[in-house]
Amino acid sequence: MHRNPISEESLTDENAVLEGLMRKEKYISSYFLYDREGSRLFQRIMKMPEYYLYEAEFEILSEKGDEIRQALPFYKKPYKVIELGAGDGSKTVELLRHLMKNESFKGYLPIDISSEATQELSIRLAKEIPHLEVNPIHGNYDEELARLIPPDESVLLLFLGSNIGNFTSGRMRKLMKGFGKDLKSGDAILIGFDLKKHPRLIQKAYDDVQGITRAFNLNLLARFNREFGADFQSDQFDFYSTYDPVSGEVRSYLVSLINQEVHFLSAGRKVTFEKNELIHTETPKKFDVEEIEKLFLDSGFFDLQIWKDHNDYYADVLAVRR
Ligand code: AVJ
């Protein structure tokens, strides 16, 4: 069983969920969104026209991938690429293709909590970049990272897809400091950030008319029914998402439509919901460039280089560990 990276350390998954649902402001970690069904729904989200993030980062990695390669601080020293939360890696393939132009690029280690996603990725890579050495790891990145850093090779750490935006500011800082601790001096990190933009564009990306994002969030309840023997009735919950352009935070919720009790059979526990009570599920954050620079400099990284898509919707930022 993996540990939940967002909630209290060392709780089992079920206890972490229950702990969040017993709070005054109910909460489910976004970590639980990515079971098999959730990962499938997230792949559909990435293909929606409203979800601009995917295309924007795809554009950067395919069109600027060669500049990124040339900006790496490794010269001719051998290095490996470790990717956190790789998912199906369909954008990363674009960057890896550019990196293959140097013999010093020695291999790719994608880490993800979805084993289906990393499996799909291995198959794709075997076909598309047959000479690349790929070593997929199924697990939690905060546990795996330190273990995976090779002592005698440099590392390019990838944290793409704006995954960093789903951490609260305190945890984001901790995470960045953790990267700084795990990486060696001279290693590099490339992080994808979604940028602040017209609020309506962001609102639509996280509350699509087709209802795929809604299904993605409601899948949490179905998952708990499947895995923990809970008895959530999905049709008694709604989905609501809102964007605050000042803080840059999207906040997504499930809303209880009635007064109701939900039982977690295996744990023998009960959770009560009042009509209109919320469960907070996600807080994807949008950044401005000043905030991004501060985040890196405060966590021991320097030599920042920023690439954006042609709309200025999204940024991939490269930095070197001091
Ligand atoms: C996978 C966390 C980057 O925040 O954009 C997409 C998840 N949630 N639509 C994001 C998500 C709703 C996504 N991340």
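The values are calculated or read from the model by the stated rules, or taken from the named source; none is laboratory data. Please read all numbers here as calculations on a predicted model, not as lab measurements. Quick reminder, even Gly has a Cβ in these numbers, built from the backbone with ideal geometry, and neighbours come from all protein chains shown. Each accessible area value is taken on the protein alone, full model and side chains, heavy atoms only, with ligands, DNA and RNA left out. Shrake-Rupley method; radii C 1.70, N 1.55, O 1.52, S 1.80 Å.
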Simple SL model, points at 7 angstrom along Cα→Cβ for E37 and T283; separation in nm is 2.7
Per its Cα gyration tensor (rounded if a/c is under 1.5, else prolate when a/b beats b/c, else oblate), region 125-199 is best filed as oblate
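Ignoring ligands, DNA and RNA, what accessible area per residue does region 169-282 give at 1.4 Å, in Å²?
On the way: 5350 Å² over 114 residues.
Solvent-accessible surface per residue comes out at 47 Å².
Quick check: from the Cα gyration tensor, does region 139-269 come out rounded (a/c under 1.5), prolate or oblate?
oblate
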With -39,500 (n - 2.57) per DSSP H segment of 4 or more residues and division by the full residue count of the chain, the 222 nm estimate, nearest 500 deg cm²/dmol, is -11000 deg cm²/dmol
With label points set 7 Å from each Cα along the Cα-to-Cβ direction at K101 and M172, the distance between them in nm comes to 3.2
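Carbon-plus-sulfur fraction of the accessible area of the chain, 1.4 Å probe, in percent?
Working: 7320 of 14830 Å².
Of the solvent-accessible surface of the chain, carbon and sulfur hold 49 percent.
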GNM on the chain, Cα springs under 10 Å; top mean-square fluctuation among E144, E128, E249 goes to E128
For H138 the rounded accessible area (nearest 10 Å², probe 1.4 Å, non-protein molecules ignored) is 90
Candidates R251, R200, R36; GNM for the chain (alpha-carbon contacts under 10 Å) flags as most fluctuating R200
To the nearest 20 debye, the chain has a Cα-centred charge dipole, built from +1 on Lys and Arg Cβ and -1 on Asp and Glu Cβ, of 360
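Looking at the square roots a ≥ b ≥ c of the eigenvalues of the Cα gyration tensor of region 46-179, which shape do they give, rounded for a/c under 1.5, prolate if a/b is larger than b/c, or oblate? Working shown, then result.
Numbers: a/c = 1.30, a/b = 1.09, b/c = 1.19.
Because its axes are fairly even, with a/c under 1.5, region 46-179 counts as rounded.
Given a cut-off of 31 Å, name the pairs among K77/K127; K106/K204; K101/K184; K91/K286; K106/K197; K77/K308 whose C-alpha atoms lie farther apart than that in the structure shown.
Working: K77/K127 27 Å; K106/K204 40 Å; K101/K184 24 Å; K91/K286 20 Å; K106/K197 38 Å; K77/K308 27 Å.
Those over the limit are K106/K204; K106/K197.
Given N residues in the chain, what is its alpha carbon radius of gyration divided by 2.2 N^0.38 Å?
Values: Rg = 19.9 Å, N = 322, 2.2 N^0.38 = 19.7 Å.
In units of the 2.2 N^0.38 Å rule of thumb, it is 1.01.
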For K177, K127, K286, the accessible-area ranking with a 1.4 Å probe, largest leading, is K127, K177, K286
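Just subtract the alpha-carbon distance of H198 and T12 from 0.36 nm times their residue separation and send over the number in nm, one decimal.
Details: separation 186, 0.36 × 186 = 66.96 nm, distance 3.98 nm.
So the extension gain works out to 63.0 nm.
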PRE zone check, label point 7 Å out along Cα-to-Cβ of K47, amide N under 12 Å, scope region 293-322, hits none
Connecting every pair of Cα atoms under 10 Å apart in the chain and solving the GNM, the largest mean-square fluctuation among D312, D112, D194 falls on D312
Label model pair I258, Q210: point-to-point distance (7 angstrom along the Cα→beta-carbon line) in nm is 3.1
Net charge near A267 (other residues with Cβ under 13 Å of its Cβ; Lys, Arg +1; Asp, Glu -1) is -3
Summing +1 per Lys or Arg and -1 per Asp or Glu among the other residues with Cβ less than 14 Å from V209's Cβ gives +1
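How charged is the neighbourhood of G165? Take every other residue with its Cβ under 10 Å from the Cβ of G165, and add Lys/Arg as +1 and Asp/Glu as -1. Please list the in-between numbers first.
Details: positive: K285, K286; negative: D194, E249, E282.
Residues close to G165 contribute a combined charge of -1.
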With the 1.4 Å probe rolled over protein heavy atoms, region 19-157 has an accessible area per residue in Å² of 47
